[in-house]
Structures are given as C-alpha cells and as structure tokens.
Amino acid sequence: MADSWSFQNQVQSVDARLDNDTHVCLRRVRYSDLGRIEKGISQMSDQSRYLRFFSGSKTMPASVVERLASVDGTNHLAWGVVNMDENDLPAIAVAHVFREAKTSDTGEFAIAVLDQYHGQGVARLLMTAIFLDCYCEGFRHLRIEILRTNKKANGLIRAIGAQPCALEGPVTQYDLVITDAISALQKMDSPNAIPDIMAAFAPG
C-alpha cells in the first residue's frame with residue numbers, strides 16, 4: 001500500500017471481540033490511566049516484565065510510569081485494551097509509540113499483554129489500531145527492540161514485515177515499515193476482529 005492511503009484519526013475507541021468471544025475495548029490511553037499502567041506492570045509475570053522493560057523489578061520508577069501515561073497524540077501515541085466482561089474493566093494490554101524527534105516520521109514501538117491473555121490475538125488487534133493511528137499522525141517507520149530470547153515476539157514482528165537492522169548484545173533492533181505491517185495484519189486470518197478495527201479507521 002502506498003502513501004495515498006486514506007484513514008481518519010478521530011477514532012477514540014473500538015469495541016471488538018476476541019476469537020474466544022471476550023468483549024474488549026481498544027482505546028486511546030489517557031493520563032488518568034496512570035494507576036492502571038502501574039497496576040498492569042505489577043501484574044505481569046517476572047519474565048514478561050523483563051522481556052518488556054529489560055528489568056525484572058516488580059515496579060517501575062515513577063518517572064517511567066509518568067512518561068508512559070503522558071500521551072499527547074502526536075509525538076507519543078498509546079492505545080490500551082480493556083476487558084469489558086470483567087466488573088472492574090481491567091486493562092489487559094497497552095502499546096506505545098514515541099516519535100524519535102518532532103520532525104521525524106520514525107518512532108519507537110513497544111507493546112505488553114498480560115500473561116493470561118497471551119495467544120488470544122490481543123497483540124495483533126492492538127497493533128492494528130496503533131499502527132493505523134501512527135499512519136494518520138505521519139509516522140512511516142517504527143524501531144522495535146526485542147530480546148533475542150523472546151521468540152514469540154520476534155516471530156510475530158517478523159510476520160508483519162519487520163526487518164532486523166542491528167544487534168546489540170542480547171537485543172535485536174528491527175525496522176518496520178508501517179504500511180507493510182498494516183497490509184500484513186489485514187491479510188491475517190485471525191483474530192477475526194481485525195477488519196472491525198480497519199473499518200473504524202476508514203473515512204466516514
């Protein structure tokens with residue numbers, strides 16, 4: 001797909017269902033989610049927390065949580081997934097993109113999904129939403145750093161077109177062309193809700 005794509009970026013949230021019929025809501029992260037972000041980090045397993053933050057600490061410094069919650073919609077984009085079937089509407093996943101510089105079309109991407117929701121297509125749904133938002137905000141490339149021991153994450157990111165561009169110790173750095181990633185996600189047979197998210201970003 002080319003840069004003539006047309007999407008609308010006024011989308012605030014998208015209701016969807018996982019393939020196991022769990023009702024979820026994908027929505028933009030707000031500063032008021034700071035507590036949810038902090039709680040989500042503490043609920044991750046030690047291994048998942050290490051794979052995401054390269055640290056095994058059960059808590060992150062306040063400055064890190066503050067940065068994750070400070071979303072401006074231009075230079076820092078973030079989307080989360082909420083389980084609408086649970087009474088307390090828990091956050092189950094979040095993805096962030098930080099622009100490298102104010103005039104850059106490249107950002108740093110990271111994603112985390114709570115352990116009990118692994119393997120349910122949550123990451124692919126969330127990536128679809130945030131990549132479409134990224135495209136609308138002028139991003140064209142993403143940099144992604146993944147530990148080489150994180151085989152599932154490496155496999156997924158390669159499946160959507162990411163190309164390794166550097167090796168630094170135990171970390172592989174990837175370059176991802178956003179249009180390639182959206183095209184790859186669009187062609188996937190599952191999760192079934194990917195077309196719903198694409199439709200939400202389609203021009204009115």
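Once you reduce region 167-204 and region 144-163 to the center of their Cα atoms, the two points are 13 Å from each other.
In this simple spin-label approximation, Leu147 and His118 carry label points 7 Å from Cα along the Cα→Cβ vector, and these lie 1.1 nm apart.
Can you give the helix-only mean residue ellipticity at 222 nm for the chain, where every DSSP H stretch with n ≥ 4 adds -39500 (n - 2.57) and the sum goes over all residues, rounded to the nearest 500 deg cm²/dmol? Theoretical 222 nm ellipticity from helices: -9500 deg cm²/dmol. Shape class for region 117-204: oblate, because the ratio a/c of the largest to smallest gyration tensor axis (alpha-carbon atoms, square roots of eigenvalues) is 1.5 or more and b/c is at least a/b.
The charge dipole of region 13-192, taken about the Cα centre with unit charges on the Cβ atoms of Lys, Arg (+1) and Asp, Glu (-1), comes to about 280 debye, rounded to the nearest 20. Excluding same-chain neighbours fewer than eight residues apart, the lysines reachable from Lys152 by a Cα-Cα span under 29 Å are Lys39, Lys58, Lys187.
Readers should treat all values here as calculations from the given coordinates under stated rules, not as data from a laboratory. Only a predicted model underlies this, so the values are computations on that prediction, with no experimental measurement involved. Cβ: placed from backbone, ideal geometry, glycine included. Neighbour counts: every protein chain shown.
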